[in-house]
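Asks: Take this structure, written in structure tokens, and hold onto it; I'll ask about it next.
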Ligand code: NAI
């Protein structure tokens, strides 16, 4: 049995990884701590590390893992913006789960939109208190409105199909348009100007950081609804909060937040939140924040556990690593970073 250690464990992770670990021949020790430069030393004596979206896998963390004998990090997620690949190059392999359920994330994005537009969150609270008033609960028909989708990869394309099912006119922006899909592509500026709703489905990179900023919000329609299930830093949150206060933006459904690491996945109900922007956003009646939960379906958790352990087995069996993310990788079809 190969011993692997698992950071930032939640009870639902353990359930699904325990189900698969023997099949793949692993013994897993689950740590509650997130992986960072202080906790990396806990990996001493293990043969691999399993990490997640809010771990801090910077140069210092990588050096400490390397000094403690770790040669592979298996990300149990699709995104990898929290890893310093230059630091990992030639030292530690990084594998991920590129595709576990695009439906989980796309369906959550639509759930955020439907909840916001039809004020389900407010209605739920009202009827719990036997308040059956409809004042302030007016929404709009999605049918015939324009949905702007940013990023038409696996999740974006499922979201396009769901949107079309609602009778939305879909336009999209992606620097690498999908060849086979029946999607009307426009420039990012046009998308900002023409959309009633904008949903983000692109990765966080140097180019996409603050893609939605003050300047682009100004170009948008008054009352635009913004949905973000991708990464928090795609949006300048301060600019978003100001635009919501000024009633320029009519609603925001946020499953991610640029400074989420300290808060998301944790019970902070007894703490004073020291982040005024997050508190401000949460306090708005037309903002819904979920705690990076878009992936959280049974199907996705099952696929995440199976593919993560499969990736590790491939590494130990010295097989080709189909899900490796490479920096300066020379082999064809690699996920070059
Ligand atoms: P993907 O790699 O299949 O698609 C990403 C698309 O974004 C590609 O078509 C790419 O060309 C496009 N893109 C790249 N740069 C762009 C830019 N500057 N502007 C517009 N589009 C751009 O990725 P997938 O699986 O669809 O995931 C999308 C994102 O969803 C991930 O990067 C991740 O951040 C997020 N995600 C969030 C989850 C959650 O639980 N909230 C779970 C899984 C993924």
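Bear in mind these aren't lab numbers, they're just calculated from the coordinates by the rules spelled out. All values reported here derive from a predicted model rather than from experimental measurement. Note that each Cβ is placed from the backbone with ideal geometry, even for glycine, and that neighbours are counted across all protein chains shown.
Asks: Taking a ≥ b ≥ c as the square roots of the eigenvalues of the Cα gyration tensor of the stretch 35-190, is the shape rounded (a/c under 1.5), prolate (a/b larger than b/c) or oblate?
Replies: Verdict is oblate for the stretch 35-190.
Asks: With all pairs of different alpha carbon atoms counted, what Kirkwood hydrodynamic radius in Å does the stretch 10-92 show?
Replies: Taking every pair of different Cα atoms in the stretch 10-92, averaging 1/r and inverting gives 13.2 Å.
Asks: Then there's this: Please compute the contact order of the stretch 96-210 in relative form: average sequence separation of alpha-carbon pairs under 8 Å and at least six residues apart, divided by the residue count, as a percent.
Replies: 27 percent
Asks: Still on this model: Which whole-number percent gives the relative contact order of the chain, counting Cα pairs below 8 Å spaced six or more residues apart?
Replies: About 16 percent, as a whole number.
Asks: Would you give the gap between the C-alpha center of the stretch 112-146 and the C-alpha center of the stretch 19-84, rounded to a whole Å?
Replies: Cα centres, the stretch 112-146 to the stretch 19-84: 42 Å.
Asks: Let me ask you something else. Name the residue, out of 206, 119, 14, whose mean-square fluctuation peaks in a Gaussian network model built on the chain with Cα pairs under 10 Å.
Replies: 206
Asks: According to the square roots a ≥ b ≥ c of the eigenvalues of the Cα gyration tensor, what is the shape class of the chain, taking rounded for a/c under 1.5, prolate for a/b larger than b/c otherwise, and oblate for the remainder?
Replies: Prolate, since a/c reaches 1.5 and a/b exceeds b/c.
Asks: Let me ask you something else. Would you mind telling me the antiparallel percentage of the DSSP bridges in the chain, rounded to 5?
Replies: 0 percent
Asks: Considering only 124, 270, 30, give the residue with the highest GNM mean-square fluctuation for the chain, with springs between Cα atoms whenever their separation is below 10 Å.
Replies: Top of the fluctuation ranking is 270.
Asks: Sorted from fewest to most neighbouring beta carbons within 10 Å, what does the list 138, 325, 282, 227 look like? Display every interim value, and only then the final one.
Replies: Values: 138 9, 325 21, 282 14, 227 26.
With the sparsest Cβ surroundings first, the list reads 138, 282, 325, 227.
Asks: When only Cα pairs under 8 Å and 6 or more residues apart are kept, what is the percent relative contact order across the stretch 155-207?
Replies: Relative contact order for the stretch 155-207 comes out at 33 percent.
Asks: Now a separate question. At 222 nm, what helix-only mean residue ellipticity would the chain give, in deg cm²/dmol to the nearest 500, using -39500 (n - 2.57) for each DSSP H run of four or more?
Replies: Helix contribution divided over all residues of the chain: -10000 deg cm²/dmol.
Asks: Treating the angle as unsigned and between 0 and 90°, give the value, to the nearest 10°, between the Cα long axis of helix 102-118 and the longest Cα principal axis of the chain.
Replies: Roughly 30 degrees between the two axes.
Asks: Quick one: if you take sqrt(5λ) for each eigenvalue of the C-alpha gyration tensor of the stretch 240-337, what semi-axes come out, biggest first, whole angstrom? Don't skip to the end; give the middle numbers.
Replies: Details: eigenvalues 292, 62, 34 Å².
Value: 38, 18, 13 Å, ordered largest first.
Asks: Of the candidates 131, 38, 222, which one comes out as most mobile in a Gaussian network treatment of the chain with C-alpha springs shorter than 10 Å?
Replies: Top of the fluctuation ranking is 131.
Asks: Would you mind checking the tilt of helix 11-24 against the longest principal axis of the Cα atoms of the chain, expressed as 0 to 90 degrees and rounded to 10?
Replies: 40 degrees
Asks: If you take the Cα Rg of the stretch 155-246 and divide it by 2.2 N^0.38 Å, with N the number of residues, what do you get? Walk me through the numbers on the way to the answer.
Replies: Working: Rg = 13.0 Å, N = 92, 2.2 N^0.38 = 12.3 Å.
Taking N as the residue count of the stretch 155-246, the ratio is 1.06.
Asks: Also, I was wondering about something else. Taking just the alpha-carbon atoms of the stretch 193-279, what radius of gyration and Dmax come out, in angstrom?
Replies: Cα-based Rg and Dmax for the stretch 193-279 come out at 13.3, 42 Å.
Asks: Right, another one. Using a 10 Å cut-off around each Cβ, can you sort 152, 290, 205, 64 from fewest to most neighbouring Cβ atoms?
Replies: 205, 290, 64, 152
Asks: Okay, moving on. With label points built 7 Å along Cα→Cβ from the Cα atoms of residue 276 and residue 11, find their separation and express it in nm.
Replies: For the pair residue 276/residue 11, the computed spacing is 3.7 nm.
Asks: Further question on the same structure: Taking the Cα centre of each part, how many Å lie between the stretch 230-264 and the stretch 185-225?
Replies: For the stretch 230-264 versus the stretch 185-225, the Cα centre distance is 13 Å.
Asks: Give me 85, 52 sorted ascending by neighbouring Cβ count inside 10 Å, so fewest comes first. Let's see the in-between values first.
Replies: Numbers: 85 18, 52 22.
In order of increasing Cβ crowding within 10 Å: 85, 52.
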